[in-house]
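Participant: Here you go, one structure.
Every number here is computed from the coordinates shown, using simple stated rules; none is lab data. Remember, it's a predicted structure, so these values are computed and weren't measured experimentally. Neighbour counts are summed over all protein chains in view; Cβ atoms, including those assigned to glycine, are modelled from backbone coordinates with ideal geometry.
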Amino acid sequence: MDPKEQFDRQAKYYANSPTFSLGLSLELLSKLIKGKKFSKGLDIGTGSGFTAFEISKNCSNVDAIDISTGMLNEAKRIKKERGIKNVNFKIGYAEELDYEDESFDLITCRTSAHHFKDIKKALNEISRVIKNDGSIYIIDTITSDQKELNNWHQKIELIRDKSHIKNYSLMEWRNFFEDSGLDLHETHQTRVNMELEDWMERSGTISSDKKIIRNEYGEANNKIKEFFGIEKINDDFKFYWPVGLFYLKKY
């Protein structure tokens with residue numbers, strides 16, 4: 001499925017989700033940029049705009065881009081409700097950033113890179129438009145280097161959301177950064193805590209696929225359950241995906 005179609009259809013669910021409006025990764029980003037001032041920021045794959053709103057506290061101006069009109073409409077609604085003046089939303093693609101070289105001194109990308117069709121091209125574009133002394137914060141769900149855990153994670157994600165491309169391991173991310181001319185200064189790990197039914201509802205997973213996923217969670221072996229924190233709670237499951245936050249500069 002085209003990610004644009006997926007997120008246009010489910011925009012209101014994401015806009016109302018505490019996972020995106022709050023969450024441990026957003027709290028961590030806020031702490032890392034606290035007290036810092038930037039002239040111009042860019043938030044890539046902004047969705048409902050929550051990361052853009054957070055960095056707008058530290059930036060004179062923020063451009064925020066997404067491929068989904070539905071998500072951007074939700075972001076504009078929330079912007080108006082919050083009275084935020086220094087964020088500009090528009091359609092944009094990570095692989096083809098419509099900006100001049102060295103346009104930004106802060107770039108963020110939170111929980112969207114696993115939908116990018118060409119992650120290497122997206123990182124090359126980020127490297128192109130960041131200023132030489134600029135800061136980059138990329139945050140995304142990550143997976144294990146172990147084949148069994150990696151394969152299970154990718155399988156579940158693709159059943160739940162057909163627009164999913166791939167979650168990457170820490171090793172894969174490090175290789176991507178090196179190839180793109182980006183210097184990895186800091187790596188932080190956190191997690192996104194979820195409940196299965198809510199997670200599937202947010203993406204509009206069809207009933208037959210929900211049943212398959214529930215069975216996968218119920219029959220997961222101890223290694224998978226331990227790594228992803230899977231626990232049965234009444235008729236549902238709680239679990240988490242690992243999250244990596246990467247602080248980067250240009251070489």
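Participant: Projecting each Cα onto the charge dipole of the chain (Lys/Arg +1, Asp/Glu -1 at the beta carbon, about the Cα centre), which of I230, N88, F246 comes out farthest on the positive side?
Facilitator: The residue sitting most towards the positive pole is N88.
Participant: Let me ask another. In debye to the nearest 20, how big a dipole does segment 154-251 give about its Cα centre with +1 on each Lys and Arg Cβ and -1 on each Asp and Glu Cβ? Walk me through the numbers before you get to the answer.
Facilitator: Working: 16 positive and 18 negative charges, 24 e Å.
It comes to approximately 120 debye.
Participant: Also: Summing -39500 (n - 2.57) over the DSSP H runs of n ≥ 4 in the chain and dividing by its residue number, what mean residue ellipticity at 222 nm do you reach, to the nearest 500 deg cm²/dmol?
Facilitator: Details: 11 runs with 110 residues, N = 251.
Estimated from H runs of four or more residues: -13000 deg cm²/dmol.
Participant: Output the antiparallel fraction of DSSP beta bridges having both residues in segment 47-163, as a percent to the nearest 5. Each step should come with its number before you reach the end.
Facilitator: Details: 1 of 12 bridges.
Restricted to segment 47-163, the bridges split so that about 10 percent are antiparallel.
Participant: Provide the net charge surrounding K238, with neighbours chosen by a C-beta distance below 9 Å and charges set as Lys +1, Arg +1, Asp -1, Glu -1. All intermediate terms of the calculation are to be shown ahead of the outcome.
Facilitator: Numbers: positive: K232; negative: E195, E231, D236.
Spelling it out: positives minus negatives among the neighbours equals -2.
Participant: Distance cut-off 32 Å, Cα to Cα: go down the list K85/K162; K76/K117; K36/K155 and report the pairs above it.
Facilitator: Details: K85/K162 35 Å; K76/K117 25 Å; K36/K155 40 Å.
Pairs exceeding 32 Å: K85/K162; K36/K155.
Participant: Could you give the length gained by full extension between T69 and K147, i.e. 0.36 nm per residue of separation minus their alpha carbon distance, to one decimal place? Intermediate values should be presented prior to the final figure.
Facilitator: Numbers: separation 78, 0.36 × 78 = 28.08 nm, distance 3.63 nm.
That pair, T69 and K147, stretches by 24.5 nm at full extension.
Participant: Show log10 I(q)/I(0) for segment 162-251 at q = 0.12, 0.17, 0.19 Å⁻¹, two decimals, from a solvent-free Debye sum over equal Cα scatterers.
Facilitator: The Cα Debye sum returns log10 ratios of -0.51, -0.85, -0.96.
Participant: Now for a different question. If packing is taken as the mean number of other Cβ atoms within 10 Å per residue, what is the order of 159-166, 42-49, highest first? Each step should come with its number before you reach the end.
Facilitator: Working: 159-166: 18.0, 42-49: 27.8.
The packing order, highest mean first, is 42-49, 159-166.
Participant: Around L106, which amide H atoms from residues at least 5 apart in sequence, or from another chain, sit under 5 Å from its own amide H, with H modelled in the peptide plane?
Facilitator: K40, L42, S135
Participant: Let me ask you something else. Which label belongs to the value computed from this structure, given these candidates for Cα extents along the principal axes in Å: [x] 50, 39, 32; [y] 45, 44, 36; [z] 71, 51, 39?
Facilitator: Label of the calculated value: [x].
Participant: Among the DSSP beta bridges whose two residues both lie in the chain, what percent are antiparallel, rounded to the nearest 5?
Facilitator: On the way: 23 of 46 bridges.
Here the share of antiparallel DSSP bridges comes out near 50 percent.
Participant: How big is the dipole moment of the chain about its Cα centre under a simple scheme where the beta carbon of each Lys and Arg is +1, that of each Asp and Glu is -1, and everything else is neutral? Debye, nearest 20, please. Don't skip to the end; give the middle numbers.
Facilitator: Values: 39 positive and 41 negative charges, 133 e Å.
Here the chain has a charge dipole of around 640 debye.
Participant: Please compute the length gained on full extension between N234 and K90, using 0.36 nm multiplied by the number of residues separating them and subtracting their Cα-Cα distance.
Facilitator: Details: separation 144, 0.36 × 144 = 51.84 nm, distance 4.23 nm.
Residue separation times 0.36 nm, minus the Cα-Cα distance, leaves 47.6 nm.
Participant: Aspartates and glutamates near K79 by alpha-carbon distance under 12 Å, same-chain residues fewer than 8 away left out - which ones?
Facilitator: Candidates past the 8-residue exclusion: E54.
Participant: Between segment 75-118 and segment 199-239, what is the C-alpha centre distance in whole Å?
Facilitator: Spelled out, the Cα-based centre of one part sits 31 Å from the other.
Participant: A follow-up question, please. Select from F237, F89, F116 the residue whose mean-square fluctuation is largest in a Gaussian network model of the chain (Cα-Cα springs shorter than 10 Å).
Facilitator: Among F237, F89, F116, the largest GNM mean-square fluctuation belongs to F237.
Participant: OK, next. Say the dipole of the chain comes from +1 at the beta carbon of Lys and Arg and -1 at that of Asp and Glu; which of S208, L97, G35 then lies farthest toward its positive end?
Facilitator: It is G35, whose Cα lies furthest towards the positive end.
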